[in-house]
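Only the coordinates and a few stated rules stand behind these numbers; no lab work does. Predicted model, so just to flag it, every value in this text is computed and none were measured. Reconstructed Cβ throughout: ideal geometry from the backbone, glycine too, with neighbour counts over all protein chains shown.
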Amino acid sequence: MRSTPHGPAPDQRPQPSWAGPRLGSRQQSGESLLLPTIAVAVAAVVYGLLPDPLLLLPRLLIPGIEGVLLVALVATHRWRTPALTRWSRVLSIVLSLIVIGTNLVALGLMVSSLGSDAPGPAMLLGAMQVWVTGIIGFALLYWELDRGGPVARHTWPREVVPLADWRFSQDENDDAVTEVADGASKKAAWMPHFIDYAYLSLTNSSAFSPTDTMPLSARAKALMGLQGTAALLTSLLVVARAVGSMSGGGG
């Protein structure tokens, strides 16, 4: 084993038996769809449980459409060819846009319900459901748009991967201390996974602005601005509903 004066060389360090390959390393099979599938399922269930005043269409219509698209997405991912990869990406983007679009409609209906006799507690719960669904929808869209999508990120040579829409901290950690730099993009061929985009979406909806991951492209800035504005509006509606409930005006 090659050594340095302070111990094993960075690429020769022993790894714990449970660690497996580094998260984000290049994979010939691409990224697992387990987490995105769970996220879509959660979004469909949450939408189906929205209060009646926040539904514009039949309750099970949108979850049913999302389920059909999800099955098609999983099928095309399993038997991937160049043509199926393109269709898989289109289906994934359409699915995320449906989640986001219907969620924004629910947010609009929530705004219009202010001053109505809609029950306050139910609408407060609905606001939380809208907030959670927004996080999932934008996470799915970010995951599919950045650097050509998950298949391109994890199977193509880095030199031909499309330009990044977001800059993660791993993309600039190559000059940090050794134990941090060894996991950076340049040294470990790190690429973001769905969990990274879920965290990006969560922090953007919580802080209403970027935190440790910066948008680079115009579309990334526009999407994060839209998400932050929707999350801020949802928070303001929660406050308004809570104040109305305490004063007896929100049902």
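Numbers at a glance
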{"item": "Charge-dipole axis of region 93-234 as Lys and Arg at +1 and Asp and Glu at -1 on Cβ define it, positive-most pick from Leu223, Gly101, Val161", "result": "Gly101"}
{"item": "Near-label residues of region 168-198 by backbone N, under 19 Å of a point 7 Å along Cα→Cβ of Thr211", "result": "168-173, 192-198"}
{"item": "Long-range amide H partners of Trp190 with built H, under 5 Å", "result": "Ser185"}
{"item": "Neighbourhood charge, 11 Å Cβ-Cβ cut-off, centred on Asp174 and excluding it, Lys, Arg +1 and Asp, Glu -1", "result": "-2"}
{"item": "Karplus-derived HN-Hα couplings along region 154-169 (A = 6.51, B = -1.76, C = 1.60, θ = phi - 60°), whole Hz, x at Gly and Pro", "result": "9, 10, 7, x, 4, 5, 10, 5, x, 4, 6, 8, 9, 10, 8, 4"}
{"item": "Using θ = phi - 60° and Karplus 6.51 cos²θ - 1.76 cosθ + 1.60, couplings along region 191-206 (whole Hz; Gly, Pro as x)", "result": "9, x, 10, 4, 4, 5, 6, 5, 5, 4, 5, 4, 5, 5, 6, 8"}
{"item": "Dipole in debye (nearest 20) - region 157-238, about Cα centre, beta carbon charges: Lys, Arg +1; Asp, Glu -1", "result": "380"}
{"item": "Summed side-chain charge close to Val40 - residues other than Val40 whose Cβ falls under 14 Å, Lys, Arg +1, Asp, Glu -1", "result": "-2"}
{"item": "Radius 14 Å from Cβ of Gln129, net charge of other residues (Lys, Arg +1; Asp, Glu -1)", "result": "+1"}
